[in-house]
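The values are calculated or read from the model by the stated rules, or taken from the named source; none is laboratory data. All of these numbers come straight from a predicted model, not from anything done at the bench. Backbone-built Cβ (ideal geometry, glycine too); neighbour counts: all protein chains shown. In case anyone asks, the SASA skips ligands and DNA or RNA and just uses the protein heavy atoms, side chains included. Shrake-Rupley method; radii C 1.70, N 1.55, O 1.52, S 1.80 Å.
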Amino acid sequence: MPRLLGISDLHVRHKANRAAIESVGDHPDDWLIVAGDVGEEPDQLAWTMDTLGPHFAQLLWVPGNHELWSKRKDPLRGVARYEHLVELCRERGVLTPEDPWAVFEGRVICLLFLLYDYSFGPPGLDPDATIRWASDKGIVCLDEMRLDPSPHSSRAAWCAARLRETEQRLATEGTGLPRVLVNHWPLRRDLVRIPRVPRFLPWCGTAATEDWHVRFGAEVVVSGHLHVRATDWRDGVRFEEVSLGYPQNWRPELSFDSLLREVLPGAAAPDEVEPDPRWHALGGPRRRARR
């Protein structure tokens, strides 16, 4: 039976991650979602798609923040950089958020690019105040220096534009079938569990998507960004965090194929089991003890 698999945050500038990708086995019937943060340079994305492509029936990609980073004199910035990456993928037959949504085993695969707007920060703070709140604890995301939103006035404005466009598309396209929503950043704030750096929260998504899994008929929601692999359930919808992460986030003795997360068919909803907020970076849920 064909499977829909997922992985994100491949960070191929790290030698161990590149070696893992090169060890991938053949999955001739399976589709693979690559949910962002492949690398910081277009040639890293090209290398990854060229390496993975021959081993899968179809690759699908959404961007993360790292793909959108640019250097000061880089001519490809903001939307222009994103559009360049889309064309790079299309040249290799890889589906992107700008392409028609594909159907896999009766589900519409909705590839999203939504960014963040700092609304995951403390209530009532504007973006500038939220960034100051994070920096009070020494947390400043490199996006503030390297993720140029041009021609938008800010990253929050770019996020707002993407939200409007995507919400309209979800309301009018691919209706009538269950959906798999795929975005690099989590769609819900309560799924962000990063206890070592809790004030990184503002760069992790937007509150505007909190109910999209219900509003838009999702069967599964796929995301990355957190480097904390997890399976959660909300309102009967399964959420899969599919990160690989930096070398310290995964055990190199595990095969790359074993680190691919099964999105479909995937696990059935557990009966009377509460999601545990504590997750091992490599595994699934631990059952919460009843006390």
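Structure data summary
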{"read-out": "Whichever residue in the range 108-146 is open to solvent by 30 Å² or more (accessible area, probe 1.4 Å) and among the β-branched types (Val, Ile, Thr) and, among such residues, is nearest to residue 63 (Cα to Cα)", "value": "140"}
{"read-out": "Output for the range 65-111, where each listed residue is touching a Ser or Thr at 6+ places or on another chain (Cβ under 9 Å), over 19 Å from residue 47 (Cα atoms) and among the charged types (D, E, K, R)", "value": "77"}
{"read-out": "Whichever residue in the range 39-66 is in contact (Cβ under 8 Å) with a residue 60 or more places away in the chain and not in a loop (DSSP other than H, G, I, E, B) and, among such residues, is surrounded by the most Cβ atoms within 10 Å (Cβ to Cβ)", "value": "60"}
{"read-out": "In the range 168-189, the residues that are farther than 15 Å from residue 116 by Cα and surrounded by fewer than 21 Cβ atoms within 10 Å (Cβ to Cβ)", "value": "168, 169, 171, 172, 173, 174, 175, 176, 177, 178"}
{"read-out": "Single residue of the range 67-84 satisfying the filter (open to solvent by less than 10 Å² (accessible area, probe 1.4 Å) and in contact with an Asp or Glu (Cβ under 6 Å, 6 or more places away or on another chain)) that is farthest from residue 99 (Cα to Cα)", "value": "70"}
{"read-out": "Pick from the range 192-232, criterion touching a Gly at 6+ places or on another chain (Cβ under 6 Å) and in a loop (DSSP other than H, G, I, E, B), ranking: least open to solvent (accessible area, probe 1.4 Å)", "value": "224"}
{"read-out": "Qualifying position, being outside any helix (DSSP H, G or I), among the β-branched types (Val, Ile, Thr) and either in contact (Cβ under 8 Å) with a residue 12 or more places away in the chain or in contact with a helix residue (DSSP H, G or I) (Cβ under 7 Å, 6 or more places away or on another chain) (or both), among 21, 33", "value": "33"}
{"read-out": "Hey, residue 102 under 18 Å from residue 221 (Cβ atoms), surrounded by 14 or more Cβ atoms within 10 Å (Cβ to Cβ) and touching a residue at least 12 places away in the same chain (Cβ under 8 Å) or not", "value": "yes"}
{"read-out": "Qualifying residue in the range 10-18 (condition: surrounded by fewer than 17 Cβ atoms within 10 Å (Cβ to Cβ) and more than 16 Å from residue 247 (Cβ to Cβ))", "value": "no"}
{"read-out": "Residue satisfying all of: in the range 147-156; crowded, with 17+ Cβ neighbours inside 10 Å and free of Cβ contacts under 8 Å to residues at least 60 places away in the same chain; nearest to residue 80 (Cα to Cα) among these", "value": "155"}
{"read-out": "Any hit, the range 267-278, residues being of a type in the set (D, E, K, R) and at pLDDT 95 or above", "value": "no"}
{"read-out": "Members of the range 19-38 that are open to solvent by less than 30 Å² (accessible area, probe 1.4 Å) and farther than 23 Å from residue 113 by Cβ", "value": "20, 24, 25, 27, 30"}
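Yes/no matrix, rows are residues, columns are (1) touching a strand residue (DSSP E or B) at 6+ places or on another chain (Cβ under 6 Å); (2) small (Gly, Ala, Ser):
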| position | (1), (2) |
| --- | --- |
| 80 | no, yes |
| 87 | no, no |
| 100 | no, no |
| 108 | yes, no |
| 116 | no, no |
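Conditions (1) out of contact with any His (no Cβ under 9 Å at 6 or more places or on another chain); (2) aromatic (Phe, Trp, Tyr); (3) within 19 Å of residue 225 (Cβ to Cβ), marked per residue:
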site	(1), (2), (3)
119	yes, no, yes
128	yes, no, no
144	yes, no, yes
150	yes, no, no
153	yes, no, no
158	no, yes, yes
163	yes, no, yes
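Yes/no matrix, rows are residues, columns are (1) open to solvent by 30 Å² or more (accessible area, probe 1.4 Å); (2) within 15 Å of the chain's Cα centre (by Cα); (3) more than 20 Å from residue 18 (Cβ to Cβ); (4) acidic (Asp, Glu):
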| site | (1), (2), (3), (4) |
| --- | --- |
| 236 | yes, no, yes, no |
| 241 | no, yes, yes, yes |
| 248 | yes, no, no, no |
| 258 | yes, no, no, no |
| 263 | no, yes, yes, no |
| 268 | yes, no, yes, no |
